[in-house]
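The values are calculated or read from the model by the stated rules, or taken from the named source; none is laboratory data. It should be emphasised that the depicted structure is a prediction, and the values quoted were computed from it without experimental measurement. Note that we place each Cβ from the backbone using ideal geometry, even for glycine, and neighbour counts take in every protein chain shown.
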């Protein structure tokens, strides 16, 4: 096993980290965004579902990175 991480895996990890950060910010500010725009509450739920989908996607990517790094 090498000490250096494959650049492709490192890039995927950075993308997953950015998606996690963006989803966290979206889930925190969803109520503020909806109330500022005067939208119904269902749009807040929609934004939270988008954030949940991003969290699930990043979890899948993180598991794949972990599996690939174990194989090398």
Hits in the range 4-28 (condition: more than 13 Å from the chain's Cα centre (by Cα) and assigned to a helix (DSSP H, G or I)): 7, 8, 9, 10, 11, 28
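Can you report the number of residues in the range 29-41 which are surrounded by 10 or more Cβ atoms within 10 Å (Cβ to Cβ) and either outside any helix (DSSP H, G or I) or out of contact with any helix residue (DSSP H, G or I) (no Cβ under 9 Å at 6 or more places or on another chain) (or both)? It would help to see each step written out before you state the result.
The initial filter retains those residues of the range 29-41 that are surrounded by 10 or more Cβ atoms within 10 Å (Cβ to Cβ), namely 29-35, 39, 41.
Next, only the ones that are either outside any helix (DSSP H, G or I) or out of contact with any helix residue (DSSP H, G or I) (no Cβ under 9 Å at 6 or more places or on another chain) (or both) stay: 32, 39.
So the answer is 2.
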Any chance residue 47 is surrounded by 13 or more Cβ atoms within 10 Å (Cβ to Cβ), modelled with pLDDT of 95 or more and part of a loop (DSSP other than H, G, I, E, B): no
